[in-house]
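Note sheet for the following structure.
Derivation of every value follows stated rules applied to the coordinates shown; laboratory data play no part. These numbers were taken from a predicted model, which means no experiment stands behind them. Using ideal geometry, Cβ is built from the backbone for each residue, glycine included, and neighbour counts are taken over all protein chains shown.
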Amino acid sequence: RMPEYELCLQAESASAGASLGLADCGDAETQTWMLQDSSEFALAASQQLCVTIEEGPGIDAGGPQYVRRGGRLETCFPQASDRQRWTTAAPQ
């Protein structure tokens, strides 16, 4: 949930390859996520599917430290850990 915008991360479906985007928050199973012990965000209804950043160099998004890449729902697997693992921090 992104409280500043009242939007939530949503997968277009509960299947591998589904695109990710922002949508109005609701109770859809495609908006319910679990942070696994391995630091991957998995779809709660299908915990073998993880939020995955697409491969490739990305697109300039405002400077050298800002790069935009798409996201998809993909099978969680160790070879993609650099694109599936997340860190979180408390707001400051």
Report task. Enumerate the amide H contacts of Ala18 below 5 Å, restricted to partners 5 or more residues apart or on another chain; note that Pro and chain-start residues carry no placed amide H. Result -> Leu73
Requested in this report: Evaluate the relative contact order of the stretch 7-84 (contact order divided by residue number), counting alpha-carbon pairs under 8 angstrom at least 6 apart; express in whole percent.
Outcome: 29
Query - the stretch 69-78 - phi-based ³J(HN,Hα) in whole Hz, Karplus 6.51/-1.76/1.60, Gly and Pro as x - result: 9, x, x, 9, 8, 9, 4, 5, 7, x
Query raised in the report: Using a simple spin-label model with points 7 Å from Cα along the Cα→Cβ vector, what separation in nm is obtained for Thr88 and Glu4?
Result: 1.8
Report task. Only bridges with both residues in the chain count here: give the DSSP antiparallel percent, nearest 5. Result -> 100
Query - Projected label distance in nm at Ala80 and Ser13, using a 7 Å step from Cα toward the beta-carbon - result: 1.6
Query raised in the report: Quick one: Karplus J couplings for the stretch 81-90, per residue in order, coefficients 6.51, -1.76, 1.60, θ = phi - 60°, nearest Hz, x for Gly and Pro?
Result: 4, 5, 10, 10, 8, 10, 10, 10, 9, 5
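Work out, step by step, the length gained on full extension between Glu55 and Asp24: first 0.36 nm times the residue separation, then minus their alpha carbon distance; give nm to one decimal.
That pair, Glu55 and Asp24, stretches by 8.4 nm at full extension.
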